[in-house]
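The values are calculated or read from the model by the stated rules, or taken from the named source; none is laboratory data. It should be emphasised that the depicted structure is a prediction, and the values quoted were computed from it without experimental measurement. When we count neighbours, we look across all protein chains shown, and the Cβ atoms used for this are built from the backbone with ideal geometry, even at glycine. Areas reflect the complete protein model, heavy atoms only, side chains present, ligands, DNA and RNA absent. Shrake-Rupley method; radii C 1.70, N 1.55, O 1.52, S 1.80 Å.
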Amino acid sequence: HKGGGEAGEAEESGEQKIQLQFDAGEAQGFIKFFKSMEENQSRTIRFFWRKKDTGFYTCHGDDALFVAQECFHTMSVVKYLGKDNELAAVAVSNANFNSFVRQLLTERQYRVEVWGESKGTGKGGWSIIKQGSPGNLESFEEVIFDGGGISETPTAVCVQIASDGSGWKIGLAYCDNTLKVIGMSEFLDGDQLSNLEAALVRLGAKEC
């Protein structure tokens, strides 16, 4: 994209295109805020929730390049904001967000932060509205354990629990004979096994 970088489209795996549209002032204001943020922690991906249209997410800077490569498998979805094309941006639909965040938290052992616009925070109008890690999935339970209808049908589950020093490593596999679906996940849990409990409830396990 040329000529200021405030607009662009990201095509998402056959879904409707998401329009990245910012006026010059909005783009420069966000760039200023983004550059003022503390350096991202290792293995942490930041998403920014945009309320425009039906709602979508954006990632920026190195996170945008990572998401383009690892989620969309193409750099063509990367657009640039600012008069000098100074900040990389990628738009992520709700469906792609759910799928990729599930992968980040349960398979790749990444942390995830979701930022939303919040006026009067003193942080450029943005603040963290949701965050999670492999050992703290509570904020993303619906994303992680949503079986796409699997919870409505009988599901057999196999669970393996191993000590992880400070907690427990949970290996979980499930089989839905009605929908012909097999899935698996691995995550960390505390002594109360609350993440495991949430997973079993979401899956509607009938046999373990």
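If you check Val143 against the conditions, is it modelled with pLDDT of 90 or more and either open to solvent by less than 50 Å² (accessible area, probe 1.4 Å) or on the phi < 0 side of the Ramachandran plot (or both)? Here the answer is no, as Val143 does not meet what is asked. I need the full set of residues from region 64-85 which are surrounded by 20 or more Cβ atoms within 10 Å (Cβ to Cβ) and basic (Lys, Arg), in order please. Within region 64-85, just Lys79 meets the criteria. Scanning region 1-41 for residues that are open to solvent by 20 Å² or more (accessible area, probe 1.4 Å), modelled with pLDDT of 90 or more, under 24 Å from Phe100 (Cβ atoms) and not acidic (Asp, Glu) gives Phe34, Met37.
Looking at Gln192, is it out of contact with any Ser or Thr (no Cβ under 9 Å at 6 or more places or on another chain), over 25 Å from Arg46 (Cβ atoms) and at pLDDT 90 or above? No: the conditions fail for Gln192.
The number of residues in region 42-63 being surrounded by fewer than 20 Cβ atoms within 10 Å (Cβ to Cβ), of a type in the set (D, E, K, R) and in a strand (DSSP E or B) comes to 1. When Leu104 is evaluated against the numbered criteria (1) buried (at least 21 other Cβ atoms within 10 Å of the Cβ); (2) more than 21 Å from Asn136 (Cα to Cα); (3) out of contact with any helix residue (DSSP H, G or I) (no Cβ under 7 Å at 6 or more places or on another chain), which criterion, by number, is the only one it fails? Evaluating Leu104 over (1) buried (at least 21 other Cβ atoms within 10 Å of the Cβ); (2) more than 21 Å from Asn136 (Cα to Cα); (3) out of contact with any helix residue (DSSP H, G or I) (no Cβ under 7 Å at 6 or more places or on another chain) leaves (2) as the failure. Report whether or not Ala68 is over 25 Å from Ser118 (Cβ atoms) and at pLDDT 85 or above. Judged against the criteria, Ala68 is a match. Across region 77-127, the qualifying residues are those that are modelled with pLDDT under 95 and acidic (Asp, Glu), and the one among them that is farthest from Gly61 (Cα to Cα) is Glu107.
Going through (1) open to solvent by less than 70 Å² (accessible area, probe 1.4 Å); (2) in contact (Cβ under 8 Å) with a residue 60 or more places away in the chain; (3) within 30 Å of Leu193 (Cα to Cα) one by one, Ile129 falls short only on (1).
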